[in-house]
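Nothing in this text is a laboratory measurement; each read-out follows from the coordinates by a stated rule. Source: prediction; values computed, not measured. Cβ atoms come from the backbone with ideal geometry, glycine included; neighbour counts cover every protein chain shown.
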Amino acid sequence: MLENRIKRLAFEASRAQKVTDTVTIKAEKLLEARERHQKENEEKMRLHEKRMLNEERQRIRNLSVK
């Protein structure tokens, strides 16, 4: 009976380690996706600001020409 208990505890420990590894991998993937998404958003905002600045400069040039 004690032998079965030891086997069961070893099995549960192995299973818990597998679950822990799986959760760790998923968490890492989520963090990587979050970081990638943040970088994409920053890049979009930077391009938008650059476009707006160029448009403003063009407006000023157009006004000065008139």
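Here are the numbers:
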read-out: Gained length - residue 65 relative to residue 39, 0.36 nm times residue gap less alpha-carbon distance; value: 5.5 nm
read-out: Using alpha-carbon coordinates, inclination of helix 2-65 to the longest axis of the chain, degrees; value: 0
read-out: All aspartates and glutamates inside 15 Å of residue 29 as judged from Cα atoms, apart from same-chain residues fewer than 8 positions distant; value: 21
read-out: Furthest towards positive pole of dipole, 48, 11, 22, structure part segment 1-61, Cβ charges; value: 48
read-out: q = 0.24 Å⁻¹, the chain: log10 I(q)/I(0) [Debye, one scatterer per Cα]; value: -0.95
read-out: Stretchable slack from residue 17 to residue 57, in nm (0.36 nm times residue separation minus alpha-carbon distance); value: 8.4 nm
